[in-house]
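The values are calculated or read from the model by the stated rules, or taken from the named source; none is laboratory data. Just so you know, these numbers come straight off a predicted model, no measurement behind them. As a convention, Cβ positions derive from the backbone with ideal geometry for all residues, glycine included, and neighbour counts pool all protein chains shown. With ligands, DNA and RNA removed, areas are computed over all heavy atoms of the protein, side chains included. Shrake-Rupley method; radii C 1.70, N 1.55, O 1.52, S 1.80 Å.
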Amino acid sequence: PKHRPEPLEKALRHGLLLAVYLSLNAPDLIYPTCTRALLNMFSCRNLGTSDQPEYWLEADYSLQCFDSEWRTHSAVASVATVGSAVGIPLAFYGVVRHYDRLGKLEDPGVREQFGWIFLPFRPGLYGWICVEMGRKLLLSATIGFVAGAEGSCRYKLFGALFIASVFLMAFLAISPYK
């Protein structure tokens, strides 16, 4: 006789699959926001004079930039920023590459769990998930970082338009989407 899982086993299996699904989807959803928050650690504004500049962290004006406390925080933020900005897209690509090498991208279970990463793209162009996430990062960082100067709204707009145009030309030239 065939063994049928108990209801508790089914619930645990379903819960585990849901946890894996959410743990892979959550970074994609919060990636630009979290990376931009980490980048805010490096956004300092001069509140002093041209003779005596005093740089303060825009995200928290109680922290002065370039002192020992800021250096400690910025070292941690540097590691976290690089880890998330590079690590998350590479992890997504690694998952797809792994299943592609195994020849399991057509497997219904793989498609259900990870299809959102690779199904929009043509075969062989699954690495474009990294390009797309890079586009999100550049846009959010540009809009967040160009601040404080007179006319900064104009610079943000032109920066965002330039980035969007470059990526649009790349997408049109390579046509990675199905």
Check your understanding: Given 0.36 nm per residue, what is the gain on full extension from Ser165 to Gln64 after removing their alpha carbon distance, in nm?
Key -> 32.7 nm
Check your understanding: What is the gain in length, in nm to one decimal, between Ala80 and Leu18 on full extension, counting 0.36 nm per residue of separation less the C-alpha to C-alpha distance?
Key -> 19.7 nm
Check your understanding: Within the chain, which cysteines find no other Cys whose Cβ is under 4.7 angstrom from their own?
Key -> Cys34, Cys130, Cys153
Check your understanding: How large is the accessible surface per residue of the chain, computed with a 1.4 Å probe and reported in Å² as a whole number?
Key -> 65
Practice item. Once you have a ≥ b ≥ c as the square roots of the Cα gyration tensor eigenvalues for segment 1-69, tell me rounded if a/c is under 1.5, and otherwise prolate or oblate according to whether a/b is larger than b/c. Key: prolate
Review point. Efficiency by 1/(1 + (r/R0)^6): what FRET value for Glu9 and His98, r their Cβ-Cβ distance, R0 = 41 Å, to the nearest 0.05?
Key: 0.95
Review point. How would you classify the chain from its alpha-carbon gyration tensor, with a ≥ b ≥ c the square roots of the eigenvalues: rounded for a/c under 1.5, else prolate if a/b is greater than b/c, otherwise oblate?
Key: oblate
Check your understanding: Where does segment 47-124 land on Rg(C-alpha)/(2.2 N^0.38 Å)?
Key -> 1.90
Exercise for review: Taking all pairs of distinct Cα atoms, average 1/r, flip it, and tell me the Kirkwood hydrodynamic radius of segment 65-106 in Å to one decimal place.
Suggested key: 12.4
Point to revise | Share of carbon and sulfur in the accessible heavy-atom surface of the chain [1.4 Å probe, %] | key: 64
Practice item. Only helices at least 24 Å long along their axis, Cα-based, and averaging 1.0 or more on Kyte-Doolittle count here, so list those DSSP H runs from the chain. Key: 128-145, 152-174
Point to revise | Pairwise label distance in nanometres, Gln52 with Asp107, each label 7 Å out on the Cα-Cβ vector | key: 6.7
Review point. Sorted by mean Cβ packing within 10 Å, highest first, what order do the peptides 102-113, 9-20, 70-81 take?
Key: 70-81, 102-113, 9-20
